[in-house]
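See below for the structure under consideration.
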Amino acid sequence: MPTIDHLHDTILGAAARNRGARLEDLRVGQHWAAVRTTRGSGMASTLRGEAHHHGVPPIADAGSLHLLEPLALAERLRSDSLPEAALGLAAANALLGPPDGRLTEHKAEAVLGERGAGRRVAMIGRFPFAERLAPRCAELWVFERGDGRTDDDLDDDMVDELLPQADVVALTATTIVNRTLPGLLELVRPDAFVLLLGPSTPLTADLFRHRVDLLCGTLIVDPEAVLRAVGQGAVTSQIGGVRRVCLWPE
């Protein structure tokens, strides 16, 4: 299974193919970070509900980040600070640009409804469609540690027991930022169907080398609208100018 360094190397290696792109704009809002380059635009969750280092600036060099090359900004993905790592992931996603490969307009909810029907589904990160999905599944186990947590969500101490039992596993891409993705992938059964989903998802087929079967993410088609919304503290449902897509292995 990959380490977090392997995952970072994979994402940044794909982003580096477009190292000639120029940085055009960036925003770090209360809930999202967004970056626009001449290659494309990307976003990532700032994980406001999770802890970061107190007593030090959460994002180094804030105020002069616009002077950086996009790839240097993307390297912040390796930071121990969650907001800074989120900004790095947003920059990497912006450099990836429109993905090559088998891209469809499916939403993650539709795929999970089909793949999870009558089966045991584990969801790492609560998504808005969880309640609609639950009646279709034999079991739906939702794990959430951030602001979106509800009374019905399970604690992390149940992950080791339940994740290996799941037939379908939906992992929020913020597990890249908080570095929990490798440990989760180690718990997944070899025959389970694994989705990485959410607007933070890097849409690069290179991730299929790391035990992921499907990438469900966001393409930004109106960067100005996204940057404006992010800068004004928007949550996901308030951000327009995007397409929800799935990238499948060839």
* Which numbered condition residue 221 fails, given (1) of a type outside the set (Phe, Trp, Tyr); (2) closer than 18 Å to residue 36 by Cβ; (3) modelled with pLDDT under 95 -> (3)
* Structure fact -> Within region 136-167, restricting to residues that are in a helix (DSSP H, G or I) and out of contact with any Lys or Arg (no Cβ under 7 Å at 6 or more places or on another chain), the one that is surrounded by the most Cβ atoms within 10 Å (Cβ to Cβ) is 163
* Structure fact -> Residues of region 2-34 being exposed (fewer than 14 other Cβ atoms within 10 Å of the Cβ) and modelled with pLDDT under 95, in sequence order, are 19, 20, 30
* Of 133, 47, 71, which residue is in a helix (DSSP H, G or I) and either outside the structural domain of residue 170 (by TED's automatic domain parsing) or under 15 Å from residue 201 (Cβ atoms) (or both)? -> 71
* Structure fact -> For region 234-250, the count of residues that are touching a Pro at 6+ places or on another chain (Cβ under 9 Å), assigned to a loop (DSSP other than H, G, I, E, B) and touching a residue at least 24 places away in the same chain (Cβ under 8 Å) equals 1
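Suppose we filter 94, 62, 110, 74 for residues that are under 25 Å from residue 243 (Cα atoms), surrounded by fewer than 19 Cβ atoms within 10 Å (Cβ to Cβ) and of a type in the set (A, V, I, L, M); which single one remains?
110
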* To do: List the number of the failed condition for residue 207; all other conditions in (1) without any contact (Cβ under 8 Å) to a residue 40 or more places away in the chain; (2) in the same structural domain as residue 182 (by TED's automatic domain parsing); (3) not hydroxyl-bearing (Ser, Thr, Tyr) hold.
  => (1)
* **Near pairs, Cβ below 9 angstrom, 6+ apart or cross-chain, from region 20-35 (farther than 15 Å from residue 47 by Cα) to any residue that is acidic (Asp, Glu)** => 21/69; 22/69; 23/69; 25/224; 35/24; 35/25
* To do: Identify all residues within region 113-130 that are among the aliphatic types (A, V, I, L, M), surrounded by 20 or more Cβ atoms within 10 Å (Cβ to Cβ) and not in a helix (DSSP H, G or I); write none if there are none.
  => 121, 122, 123, 124
* Restricting attention to region 195-233, which residues are closer than 20 Å to residue 130 by Cβ and part of a strand (DSSP E or B)? -> 195, 196, 197, 214, 215, 216, 217, 218
* Asked: Could we say that residue 103 is of a type outside the set (Phe, Trp, Tyr) and in a helix (DSSP H, G or I) here?
  -> no
* State yes or no: is residue 187 under 23 Å from residue 10 (Cα atoms) and buried (at least 20 other Cβ atoms within 10 Å of the Cβ)? => no
* Asked: Of the residues 68, 103, which is touching a strand residue (DSSP E or B) at 6+ places or on another chain (Cβ under 6 Å) and surrounded by fewer than 20 Cβ atoms within 10 Å (Cβ to Cβ)?
  -> 103
* Condition check for residue 189: on the phi > 0 side of the Ramachandran plot and either touching a helix residue (DSSP H, G or I) at 6+ places or on another chain (Cβ under 8 Å) or part of a strand (DSSP E or B) (or both) -> no
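The values are calculated or read from the model by the stated rules, or taken from the named source; none is laboratory data. These numbers come from a predicted model, not from an experiment. Quick reminder, even Gly has a Cβ in these numbers, built from the backbone with ideal geometry, and neighbours come from all protein chains shown.
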